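Novice: Below is a structure I'd like to ask you about.
The values are calculated or read from the model by the stated rules, or taken from the named source; none is laboratory data. Every value quoted in this text rests on a predicted model; they were computed, and no experiment measured them. Note that we place each Cβ from the backbone using ideal geometry, even for glycine, and neighbour counts take in every protein chain shown.
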Amino acid sequence: MSYLIKPEGYKPTLDLKQTELGIKQIKDFFQTNLSSELRLRRVTAPLFVLKGMGINDDLNGVERAVAFPIKDMNDVQAEVVHSLAKWKRMTLGDYNIEPGYGIYTDMNAIRADEELGNLHSLYVDQWDWERVMTAEERNADFLIEIVSRIFAAMVRTEYMVYEMYPHIKPQLPEKLHFIHSEELRLQYPDLDSKGREDAICRKYGAVFIIGIGGKLGDGKKHDGRAPDYDDYTTPGLKNLPGLNGDLLVWNDILQRSCELSSMGIRVDKKTLLKQLEQEGEEKRLELLFHKRLIEGKLPLSIGGGIGQSRLCMYYLRKAHIGEIQASIWPEKMREECAAHNMPLI
């Protein structure tokens, strides 16, 4: 079901021409800084992959992939990617990239089951990145170091936007606040996971929540994760489970938290087997990606995705992601957005 937040008194501070210029500058500047911070080289990525290979990202395990038959291959099915979490790791192995270096790419996806709203679109565009790491780096300190570097690139980009458009004042804090999802639950025991995200982001401005995918002390998950890419069960921060997380910022226009990035240290053989068993998904071990991982043919890695349109939406102080990207929206939403000064592209 679609859900629309209609900020009272909202009016875009940039016209369409200024917005398009800002989008271009933000994307160019940020990806250059991201590449420099993490030592990443740009690669070309697929829009679709073959079905049944275990390469597509399963997200929460319930979203349907957009699929189509390939006429010239006896109608074998292909799927539009949800993200490139597994494809990137295979590419690191194929390219024989050394520890401390990695890749990034423009990932474009179609998520037909998305609940449309200010932050959610059928069309997903993000920078997907992946970097080779050593066994000694599989710990929370290394995760925090990498996340901090990415956040530093975000802060620099916001200042660049301020230089372009001086009326858009910087809002990101100098430091990113780190907290484990179990600590967050205990801090706000009367709120659900979304309410906890809003509360902690309102307080600190920018937060990285560690440990997404595993069950917390109340038996519930903070949020879902596919069991075969992020490591969410290995003890990390304060010996609590989880070597992954989400980076969120406080959106002052929408008066709610906004996830800009999801990332984590990826599963090794041991955690893959453990997490698949926990979710009752051992059948995936017969798939190509999983076989290569079990056989030791994939490098240890850390990686994630950073939303391009969401980042631009935040920096340019837009109330709806449709003011940044072209997509399909329910006619009623288009009418409501137009009536509340949110012109959708």
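Novice: For region 131-171, enumerate the residues that are over 22 Å from the mean Cα position of the chain (by Cα) and of a type in the set (D, E, K, R).
Specialist: Answer for region 131-171, where residues must be over 22 Å from the mean Cα position of the chain (by Cα) and of a type in the set (D, E, K, R): GLU136, GLU163, LYS169.
Novice: Still on this structure, I have one more. Considering only residues that are in contact (Cβ under 8 Å) with a residue 12 or more places away in the chain and of a type in the set (A, V, I, L, M, F, W, C), which ones fall in region 157-195?
Specialist: If the condition is that a residue be in contact (Cβ under 8 Å) with a residue 12 or more places away in the chain and of a type in the set (A, V, I, L, M, F, W, C), then MET160, VAL161, MET164, ILE168, LEU172, LEU176, PHE178, ILE179, LEU184, LEU186 are the ones that fit.
Novice: Next question, about the same structure. If I go through region 285-330 residue by residue, how many of them are among the acidic types (Asp, Glu) and modelled with pLDDT under 95?
Specialist: 1
Novice: Pairs needed: first member in region 239-251, within 23 Å of PRO227 (Cβ to Cβ); second member anywhere, surrounded by fewer than 21 Cβ atoms within 10 Å (Cβ to Cβ) and among the acidic types (Asp, Glu); C-beta distance under 6 Å; at least 6 residues apart or different chains.
Specialist: Pairs that qualify, where the first residue is within 23 Å of PRO227 (Cβ to Cβ) and the partner is surrounded by fewer than 21 Cβ atoms within 10 Å (Cβ to Cβ) and among the acidic types (Asp, Glu), are ASP246/GLU259; LEU248/GLU259.
Novice: Filter region 154-182 for residues that are buried (at least 17 other Cβ atoms within 10 Å of the Cβ) and under 23 Å from GLY236 (Cβ atoms) and give the result.
Specialist: If the condition is that a residue be buried (at least 17 other Cβ atoms within 10 Å of the Cβ) and under 23 Å from GLY236 (Cβ atoms), then MET154, LEU176, PHE178, ILE179, HIS180, SER181, GLU182 are the ones that fit.
Novice: Which residue is modelled with the lowest pLDDT, if the candidates are limited to region 218-245 and must be surrounded by 23 or more Cβ atoms within 10 Å (Cβ to Cβ) and assigned to a strand (DSSP E or B)?
Specialist: Of everything passing the filter in region 218-245, ASP230 is modelled with the lowest pLDDT.
Novice: Restricting to region 94-135, count the residues that are among the β-branched types (Val, Ile, Thr), buried (at least 18 other Cβ atoms within 10 Å of the Cβ) and at pLDDT 95 or above.
Specialist: Number of matching residues: 4.
Novice: Scan region 246-257 for residues that are among the hydrophobic types (A, V, I, L, M, F, W, C) and in a strand (DSSP E or B) and report the count.
Specialist: Counting residues in region 246-257 that are among the hydrophobic types (A, V, I, L, M, F, W, C) and in a strand (DSSP E or B) gives 4.
Novice: Could you go through region 1-21 and let me know if any residue there is hydrophobic (A, V, I, L, M, F, W, C), outside any loop (DSSP other than H, G, I, E, B) and surrounded by fewer than 16 Cβ atoms within 10 Å (Cβ to Cβ).
Specialist: The answer is yes; a qualifying residue exists.
Novice: Given (1) more than 19 Å from the chain's Cα centre (by Cα); (2) closer than 30 Å to ARG156 by Cβ; (3) outside any loop (DSSP other than H, G, I, E, B), identify the lone condition not met by VAL49.
Specialist: Checking VAL49 against (1) more than 19 Å from the chain's Cα centre (by Cα); (2) closer than 30 Å to ARG156 by Cβ; (3) outside any loop (DSSP other than H, G, I, E, B), the one that fails is (2).
Novice: Okay, moving on. Return the pair list, or none, for Cβ contacts closer than 7 Å from residues in region 311-336 that are over 20 Å from PHE151 (Cα atoms) to residues that are of a type in the set (Asp, Glu), at least 6 apart or on different chains.
Specialist: Every condition considered, the pairs that remain are GLN325/ASP125.
Novice: Next question. Might you check whether a residue that is part of a strand (DSSP E or B) and touching a Pro at 6+ places or on another chain (Cβ under 9 Å) occurs anywhere in region 56-65?
Specialist: No - not one qualifying residue is present in region 56-65.
Novice: Which helices (runs of 4 or more DSSP H) sit wholly inside region 288-345 and have at least 1 residues that are surrounded by 24 or more Cβ atoms within 10 Å (Cβ to Cβ)?
Specialist: Ranges flagged: 288-294, 308-315.
Novice: So which of ILE200, ILE209, ILE265 ends up being in contact with a Ser or Thr (Cβ under 7 Å, 6 or more places away or on another chain) and not in a loop (DSSP other than H, G, I, E, B)?
Specialist: Just a single option satisfies the conditions, and that option is ILE209.
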